[in-house]
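Report on the following structure.
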Amino acid sequence: MSGLTLIVLAIIAFGAAYLVYGRYLCKKWGIDPNAKTPAYELRDGVDYEPADTHVVFGHQFASIAGAGPINGPIQAAVFGWVPVLLWVVFGSIFFGAVQDFSAMYASVKNKGRTIGYIIEEYIGKTGKKLFLLFCWLFCILVVAAFADVVAGTFNGFNAAGETIAYNGSVATTSMIFIAMAVGLGFLLRYSKFNKWVNTAIAIALLVIAVYIGLQAPMYIKGSTWHILIFIYIFIASIVPVWALLQPRDYLNSYLLVFMIVAAAVGIIVVNPTIQAPAFTGFYNEKMGSMFPILFVTVACGAVSGFHSLVSSGTSSKQIKNEKDMLPVSFGGMLMEGLLAVIALIAGASFMAGQAAELGYTTPPQIFAGGVAGFLETIGMPHDLVFTLINLSVSAFALTSLDSVARIGRLSFQELFLDASIKDEDMGPVRKVLTNKYFATVITLGIGYVLAKVGYSTIWPLFGSANQLLSALSLMACAVFLKKTNRQGIMLVIPMAIMMLITFSALGLKIYDFAVKLGNGTFNPALDGLQMVFAVLLTALGVIVAAQGIKKLGEKKGAAAAAK
């Protein structure tokens, strides 16, 4: 099989899905281009701030993509490229894109509120509290996994103590990115330039940052980067979105588009042969059985609960017009699906053991090495492309960290907020717990401890929790659609399938920990906190799912009365 055939088939499938299925959902649910969106209605300059479609798309895409669509498909390919490809394409269209769109739609129709508030309004207060606790725990897992991925791409030294030039260049460019983003944020907010001038400025800043990074690599060890990254996340999660989140995503969107276009061009021109086996069997000695492991490993490449948090937590508060929701949410997920297909092709283009021989030991390195190899055949310098692709991957992950830290902080604060209690009437304990600085510190503190375990160890638990969150989000949106007399059957089937997959995966994870406890191989430092998370997430998921399914089963009259 050729890589060109796979990418063309994927583009056709995703394009048809956007034009046909996406528009069908718009018609069924009702998009009102004349409605006043929460970005204008509740504009506060911090979280609610209207932005152009391409700016919100940049934020949404950069936030949801992260390292997931690159790490997941490449790791899952141990079962063969065919099952991974099928799940990425069908999952992105009928699971992921539908979830992202419905979450954003429900949020915009409810004053930009999060999925937690949607659950409170349409399922109940208890369900909301449990869901928020689930979200908070999940956000900690994302912070831990992605922070470790970023620290790995910035780490300036290998195991032998030798410097790694491309990591140093990526680190320098990323730091310059952040500084330039702040300046761009003030420019976008206070200047009167049109979008084409702003685009030209953004691209110029991007080129300057990349050039300086290549000329002056920064060599800092990974453990130090862990600390620096968490300091950055703390700042990014509390400052106004226009000051860092929006402009950084605006800058990143061009880098990410470059990465996808460059990879696609390389595949189209070179037409690499898929070297990996199409199917290796239903069981892998290292990863276990294909069901449910393949699905939770691919994670963000097909469907991700984290996307619903971004769609309802930050992006919905920036939407200028309801018609922008389709390209930002549905289109953003299909773009991520295409990235996952590209990552799969890049990884599958290596013969068994070839990537390791070339020094590519992590999925981002395998992806970057594959794309660099494609473009090298048409005259582009291998080292330059390899550095740029690694930079793009770190940009994905850093942007996800910006968003998830903010969402985790908001989830923790919401846990202790009560609409019946005014701010001035709060007790001292509640005031501390709802303080954004305290909420950020406790969220990132636990995330830092987990990050020291390493992303590869956390990934299976992260994937399982991530997919379960998608099932709960689909459930919440299905209840919302039902109670507002809109059709939601297209959410119910994906919801049921994701619940089956994720409860199976979490059950297997807990069983593995139990076996370790029984045979004396349980490591409290590596396994203890993960086991606590696995048990809590499973219990919370079961309770919230039961409440939501009960609401879905109510007759229309009962549903209307409940509202």
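A few points about this structure:
- Centroid-to-centroid separation of the stretch 101-118 and the stretch 59-100 [C-alpha atoms, Å]: 23
- Between Val82 and Val182, the modelled label-to-label distance comes to 5.4 nm, taking each label 7 Å out from Cα in the direction of the beta carbon.
- Fewest-first ranking of Val241, Val492, Val303, Val393, using other Cβ atoms within 10 Å as the exposure measure: Val492, Val241, Val393, Val303
- Once the gyration tensor of the Cα atoms in the chain is diagonalised, the equivalent ellipsoid follows with semi-axes of 33, 27, 25 Å, ordered largest first.
- Stretched out straight at 0.36 nm per residue, the stretch from Val46 to Leu500 would grow longer than its current Cα-Cα span by 159.6 nm.
- Of the residues Ile118, Ile446, Ile203, the one with the fewest other Cβ atoms within 10 Å heads the list, and the complete ranking is Ile203, Ile446, Ile118.
- Peptides ranked, highest mean first, by Cβ atoms within 10 Å: ranges 318-329, 70-81, 47-58: 70-81, 318-329, 47-58
- Close amide-amide hydrogen proximity is noted between Phe157 and Ile164, Gly222, each under 5 Å apart and 5 or more residues distant or on a separate chain (H modeled in the peptide plane; Pro and chain starts excluded).
- Cα-projected label distance for Leu526 with Met1, points at 7 Å along beta-carbon direction, nm: 3.4
- Inter-part distance where the stretch 498-540 and the stretch 244-317 are each reduced to a Cα centre, Å: 25
- Put a dot 7 Å past the Cα of Ile442, heading toward its Cβ, do the same for Glu285, and the two dots end up 4.6 nm apart.
- The alpha-carbon atoms of the stretch 279-421 define a convex hull whose volume equals 178 cubic angstrom per residue.
- Burial ranking of peptide ranges 380-392, 177-189 (average Cβ count within 10 Å, highest at the top): 380-392, 177-189
- Pairwise inverse Cα distances across the stretch 438-485, averaged and inverted, put the Kirkwood hydrodynamic radius at 13.1 Å.
- Hz values of 3J(HN,Hα) by residue in the stretch 154-169 - Karplus curve (6.51, -1.76, 1.60), Gly and Pro given as x: 8, 3, x, 9, 8, 4, 8, x, 7, 6, 10, 4, 5, 5, x, 5
- The stretch 1-79 shape via C-alpha gyration tensor axes, a/c threshold 1.5: oblate
- Diffusion of the stretch 331-370 by Stokes-Einstein, at 25 °C in a medium of 0.890 mPa s and with Rh set to the Kirkwood radius over alpha-carbon pairs, works out to 232 µm²/s.
- Extension gain for Lys516 to Ser420 (0.36 nm times residue separation, less C-alpha to C-alpha distance): 29.9 nm.
- Exposure proxy order (Cβ contacts within 10 Å, fewest to most) of Arg409, Arg43: Arg43, Arg409
- For the chain, adding -39500 (n - 2.57) for each run of n ≥ 4 DSSP H residues and dividing by the number of residues yields -23500 deg cm²/dmol at 222 nm.
- Against the compact-protein benchmark of 2.2 N^0.38 Å, the Cα-based radius of gyration of the stretch 483-544 scales to 1.54.
- When every Cα-Cα distance of the stretch 172-295 is counted in 10 angstrom steps from zero, the calculated P(r) takes the values 10, 27, 25, 22, 14, 2 percent.
Since every read-out is calculated from the coordinates, none of them should be taken as a lab result. In this text the structure is predicted, and so the values were computed from the model without any measurement. When we count neighbours, we look across all protein chains shown, and the Cβ atoms used for this are built from the backbone with ideal geometry, even at glycine.
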